[in-house]
Amino acid sequence: MSGNGKAPMVAVEGVKKVYRRDAEEVKVLDGLSLEVPEGDFVALMGPSGSGKTTLLNLIAGIDRPTAGKVVVAGTDVAQLGESELARWRSRNVGFIFQFYNLIPVLTAEENVALPLLLTSLSKKERRERALTALKVVGLAERSQHYPRQLSGGQEQRVAIARAIVADPKVLVADEPTGDLDSKSAEEILALMETLNRDFGKTIVMVTHDPRAAQRAHTQHHLEKGVLSL
Amino acid sequence: MKYLPYVLKHLRRNWIRTGSTVMAMAVCIFLFCTLQTIIAAVNYGLKSASASRLVTRHSVSLVYNMPLAYKERIAQIPGVKRVAISNWFGGVMGLPPDFTKFFANFAVEPEDYLAIYPEYVLSDAEKQAFFADRRGAIVGPELAKRFGWSVGSTVQLESTIPPYRIGRPFEFVISGIYQVDEVRYPGTDGRLFFFHHKYLEESTRNRAGAGTFSIEVNDPERAAAVGKAIDAYFENSDVRTKTETEAAFRAGFVSLAGNLALLLNGIGIAVTFTILLVTANTMSMAVRERRTEIAVLKTLGFGSELVMALILVEALILGVMGGGLGLVLGKAMIGVLPSLPLIGDVARAFPNLGLSPLIAATGFGIAVFLGLAAGLLPALQAYRARITDTLRTV
Ligand SMILES: Nc1ncnc2c1ncn2[C@@H]1O[C@H](COP(=O)(O)OP(=O)(O)OP(=O)(O)O)[C@@H](O)[C@H]1O
Ligand SMILES: [Mg+2]
């Protein structure tokens, strides 16, 4: 386990993931192990199809391993049932997607407040927290705008506000800058650094962009389902 | 409830789709209510019809009247117990006529008519008061309630039928309000208005004639034979007659009530089914467009049941709105039905028209059911959708 005796935020142990397509089996992850200490900022790199998204999904609790153990924030994810897992995700994991995935019919503020609907907070508290999160990403004045009224970079910042609004311990990001120009990408990476440094979020980020990977503290390379440094 | 704004936003954002679906559903419910009300009215009218009574009319059409003298001749035909003249007056209140206040009114021969129709229950005192006053009228309890009439109230009616138009309204004084006994005489119409045929004759200087003859027979078993005998008697006269049992007469009035109901119900079912398909298509389109969004919701921790419920609620709201609008339209339509050309003539023969709570509730229920049924499949799809399958295609 980790050297300093403290349990890591993410512990992946001997994980296998096999997809079955008709009779054919696709081994995506093959006995993979990985530890991410609390407060780390990790970049996952590797060629297309190497299993990066698959690994990230396992860590985030939206998929389950074929074999092995995935412990995140002290919870063995594979042990949870479908709806327990959903509840667990809403409290422990923040999601940042390549294509932002904001809900087009909702304003920025409503998008950000969406995860809070699952809590027992009052309407007023939900609003306040959403506005605070929008302030953190520097878009408080855009709270009433709809996604189509925002640039890609702004949309991604709203998505980041949504990811942090419920104050999860872990943020997962799948190519968060993959769809952005370099200036916007730079802003997003700076924001993620801030979240990691000042807010203590543990971040696992998949990226193809070496410059983005450079911003992380630790880099892992995936190659045919196993890690290499 | 905190999820409601989310659902409403979807409906609002796609307002064209929402609007057209709601409209389609409303038309369906509107049709249902109107058709069912017509069927109910027809059946109600038939229920009160007696088999021991015959109705004689002009052989060509109801709009032609027969000579008054026919009464005595009919009375002499064997098997006939009593005869009463009755004319559809078509009177309307107000100047100009206000068709929203329409009700059925007849000029009848008081003594004979009330003897043939015991279902219009009156005390002897009321009957005597009515018989004694040439301008007297008796009205149904529902009608009296509707217009706030009591004994002694005056009413002015002007006919819509040319021979009965005398350049000024007829004036009536209410001499009695008849009772309706639903146990002994089920289906009795409580919204009718009767006055003296003599008053009509005098005011029109004997141009009125006899619209129909209501006939009571001695033996109901022989009613059909007596009817034939009457028509045979006038076979070679200038004005020939057509005599039917009261039930057949009323059924004939709306032309084959049974087939009508079948036809109307058939149309109703076809329309409902079509709307179900339209709505189901709308909902599944709405959900298919939102595949990514549904996966995102699930990723954020929305349970499958919750996501399914959100879609069902959305469909339910469509149903509730469509049903509500349909009821409003239906109620309005049924209200104006009697004043429409052509249809109005039929509708007026059955003046107990009105959207009944039962039909309204059934219509609304159908709309809600339509919404839910249409939403069920897409909701199940959303329930089953797996995050990893969907977000991969982003
Ligand atoms: N649901 C699935 N069913 C079958 N095969 C799958 C499924 N999901 C992923 N795979 C396969 O698993 C392998 C790894 O996919 P994954 O998405 O994790 O790769 P990736 O490293 O994220 O690639 P990219 O950089 O292109 O996003 C691929 O070969 C893919 O075809
Ligand atoms: Mg990927």
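The values are calculated or read from the model by the stated rules, or taken from the named source; none is laboratory data. Since the structure is predicted, the reported quantities are computational estimates derived from the model, not experimental observations. Because the Cβ atoms are built from the backbone with ideal geometry, glycine has one as well, and the counts that use them run over all protein chains shown.
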So which residues in segment B:98-140 are in a loop (DSSP other than H, G, I, E, B), of a type outside the set (Asp, Glu) and surrounded by fewer than 18 Cβ atoms within 10 Å (Cβ to Cβ), if there are any at all? B:Pro118, B:Ser123, B:Arg134, B:Arg135
Restricting attention to segment A:54-66, which residues are in contact with a Leu (Cβ under 9 Å, 6 or more places away or on another chain), within 15 Å of ligand 2 (Cβ to nearest atom) and under 20 Å from A:Lys201 (Cβ atoms)? A:Leu55, A:Leu56, A:Asn57, A:Leu58, A:Ile59, A:Ile62
Being more than 28 Å from the chain's Cα centre (by Cα) and among the small types (Gly, Ala, Ser) is the filter here, so list the residues in segment B:186-223 that pass it. B:Ser203, B:Ala208, B:Gly209, B:Ala223
Quick one: is B:Val226 surrounded by 19 or more Cβ atoms within 10 Å (Cβ to Cβ), among the hydrophobic types (A, V, I, L, M, F, W, C) and in contact (Cβ under 8 Å) with a residue 60 or more places away in the chain? yes
Test each condition in (1) away from ligand 1 (no atom under 16 Å from the Cβ); (2) buried (at least 21 other Cβ atoms within 10 Å of the Cβ); (3) part of a loop (DSSP other than H, G, I, E, B); (4) not hydrophobic (A, V, I, L, M, F, W, C) for A:His145 and report the one that comes out false. (2)
Answer from A:Glu110, A:Glu175 - the residue that is within 13 Å of another protein chain (Cβ to nearest Cβ) and within 18 Å of B:Thr388 (Cβ to Cβ): A:Glu175
Just a yes or no: is a residue in segment A:44-54 among the hydrophobic types (A, V, I, L, M, F, W, C) and either within 16 Å of ligand 1 (Cβ to nearest atom) or within 20 Å of B:Val296 (Cβ to Cβ) (or both)? yes
Does A:Leu134 satisfy being at the interface with chain B (Cβ under 10 Å from one of its Cβ atoms) and of a type outside the set (S, T, N, Q)? no
For the structure I just gave you, tell me whether A:Ala73 is closer than 24 Å to B:Val296 by Cβ, free of Cβ contacts under 8 Å to residues at least 24 places away in the same chain and under 16 Å from the mean Cα position of the chain (by Cα). no
Which of the residues that make up segment A:197-212 are surrounded by fewer than 21 Cβ atoms within 10 Å (Cβ to Cβ) and outside any loop (DSSP other than H, G, I, E, B)? A:Arg197, A:Asp198, A:Pro210, A:Arg211
Is it fair to say A:Lys69 is more than 9 Å from every other protein chain (Cβ to nearest Cβ), among the charged types (D, E, K, R), touching a Leu at 6+ places or on another chain (Cβ under 9 Å) and closer than 20 Å to A:Thr202 by Cα? no
Can we say B:Glu289 is within 14 Å of chain A (Cβ to nearest Cβ) and modelled with pLDDT under 90? yes
Can you pull out every residue in segment A:71-83 that is surrounded by 14 or more Cβ atoms within 10 Å (Cβ to Cβ) and in a helix (DSSP H, G or I)? A:Val77, A:Ala78
Residue in segment A:179-208 that is farthest from A:Ile59 (Cα to Cα), counting only those that are within 16 Å of ligand 2 (Cβ to nearest atom) and within 14 Å of the chain's Cα centre (by Cα): A:Thr207
Run A:Ala130 past the list (1) crowded, with 23+ Cβ neighbours inside 10 Å; (2) small (Gly, Ala, Ser); (3) outside any helix (DSSP H, G or I) and report the number of the one that doesn't hold. (3)
State yes or no: is B:Phe106 modelled with pLDDT under 95 and closer than 26 Å to B:Phe170 by Cβ? no
For residues in segment B:239-260 being modelled with pLDDT of 90 or more and of a type in the set (D, E, K, R), which is farthest from the chain's Cα centre (by Cα)? B:Arg240
In segment A:18-28, which residues are in contact with a strand residue (DSSP E or B) (Cβ under 9 Å, 6 or more places away or on another chain), more than 16 Å from ligand 2 (Cβ to nearest atom) and of a type outside the set (D, E, K, R)? A:Val18
With criteria (1) away from every other protein chain (no Cβ under 14 Å); (2) buried (at least 21 other Cβ atoms within 10 Å of the Cβ), A:Ile62 comes up short on (1)
Within segment A:29-45, can one find any residue that is within 14 Å of chain B (Cβ to nearest Cβ) and either part of a helix (DSSP H, G or I) or away from ligand 2 (no atom under 16 Å from the Cβ) (or both)? no
